[in-house]
1. Go through (1) in the same structural domain as residue 342 (by TED's automatic domain parsing); (2) touching a helix residue (DSSP H, G or I) at 6+ places or on another chain (Cβ under 6 Å); (3) assigned to a helix (DSSP H, G or I) and name the single condition residue 172 misses.
2. Taking residue 380 as the residue in question, decide whether it is outside any loop (DSSP other than H, G, I, E, B), farther than 15 Å from residue 143 by Cβ, within 37 Å of the chain's Cα centre (by Cα) and without any contact (Cβ under 8 Å) to a residue 24 or more places away in the chain.
3. Anything in segment 179-227 that is within 13 Å of residue 322 (Cα to Cα) and in a loop (DSSP other than H, G, I, E, B)? List them, or say none.
4. Check segment 167-176 and report whether any residue there is surrounded by 14 or more Cβ atoms within 10 Å (Cβ to Cβ) and under 23 Å from the mean Cα position of the chain (by Cα).
5. Looking only at residues that are assigned to a helix (DSSP H, G or I) and without any contact (Cβ under 8 Å) to a residue 40 or more places away in the chain in segment 279-294, which one is farthest from the chain's Cα centre (by Cα)?
6. Is it true that residue 245 is touching a residue at least 12 places away in the same chain (Cβ under 8 Å), within 60 Å of the chain's Cα centre (by Cα) and part of a helix (DSSP H, G or I)?
7. Name the one entry in 461, 443 that is at pLDDT 75 or above and outside any helix (DSSP H, G or I).
8. Within segment 354-367, restricting attention to residues that are crowded, with 16+ Cβ neighbours inside 10 Å and touching a residue at least 60 places away in the same chain (Cβ under 8 Å), which residue is nearest to residue 197 (Cα to Cα)?
């Protein structure tokens, strides 16, 4: 339910806070007092269209906050969770700011949201109805949902949707298999040749990296071997300094007897040089042995590496994915061979899914027929008191098995016949303004809490009707208020007399400034009596009008009970 509405700096409203109650509340006041401002403000908080002209003159920004207390099982909670919004206990706060230059911002529980999301939430919480704003009841697209709600068919609709999805999935599987077979047939020769080539190649995952690393090592070893061989030739080959140094050492040794002190240092140094050269030769010989490679291995490695990369270019596939490609081609060829049998299996499964869907859809259609007849009877019971005793309401169901959908095979439209002999047609086209409002009320009473938002707002639906009809409207609004919260903007005293709470809307002089403001006050019993007397008498309230107001208030409860029973 709508628990509170707070408005700041909207049109003629400075600051206003209204705490609503369950049951039926009415707002009354002279024409032009500002009742429409309240509805425009509520609409803004529900995600309606914003406009800078709504901001009070002299203010930079207007704001409207609507506080709701939905039931714990209301679908709005699931909707919020699905859209990533956290809840704050059992209270839901919708807040909208509107700037003078058109900028508008929306918040749900102080979390910024898009206006579209706020509107979706608002439509789940409040329905606004009037002579020219009848929304879901006029929109034929919503009639099926209302009949389903009236008949309690939500579970059956969900089952039909589930079977419809299974059927579509099964048909998709058939189409996928058929396309796969057709593609394989068109390329069968190419696929067989490709598979033969890939099978012969027998590529392994990671093989390219292994071969590339080995090729790099071999080429590096080849270059190193050349340098080591040249060094070995210099140290121990034909150009080695070892023989010359050895000859020099022997000649010096022959002089050792006559001049040992002169030649011994040189001889020792030459001996060390010869030992070092011998050690270098041994090391280089070992290095040459270690760097040895097989030229044939390099050739084999390169040929294998180039073959893999050539295949990768040919099939436009990374080398590491060649094995996967071979498997996929093998599967496609296998599907070509066994595919027709698989198609038969899938077709049979799709046929079974289709049969299951239509069994459920026809069962749902039959249940809808029964629910529609019951709804028609319930609406028919309401029409006489609303002076529509010669009118007829029909929930027309058209079943089309050739156009199945996730909600079944039915199209449902509410049609009316206002007088015997006249042509039946859609509500919006056949009924006049006054008739439309009364049909609307009769349908809403019949649907009660089965197809309604938790809060219903009726904007002067009693316009252009007489006292008896107004009284009947008041009775039915009171009955609706047993199931949902009802807010009614009314000029009919018969409607106002049946409210549980009564609010008066008036235009007053601002206390400190030379301008008018809209004020809203809850009326106690005495002021309520005076307001209803004004509604009966007009601008000048007479004692006779007050007496009539007393009789109206005293008899309202009694007539409501009688109408219900």
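1. (2)
2. no
3. Listed by number, the residues that qualify are 202, 203, 204, 205, 206.
4. Yes, segment 167-176 contains a residue that is surrounded by 14 or more Cβ atoms within 10 Å (Cβ to Cβ) and under 23 Å from the mean Cα position of the chain (by Cα).
5. 279
6. no
7. Just one listed residue meets the conditions, 461.
8. So, considering only residues that are crowded, with 16+ Cβ neighbours inside 10 Å and touching a residue at least 60 places away in the same chain (Cβ under 8 Å), the one nearest to residue 197 (Cα to Cα) is 354.
The values are calculated or read from the model by the stated rules, or taken from the named source; none is laboratory data. Owing to the predicted nature of the structure, the values given are computational and were not obtained by experimental measurement. Cβ coordinates were reconstructed from backbone atoms using ideal geometry, including for glycine residues, and neighbour counts include every protein chain displayed.
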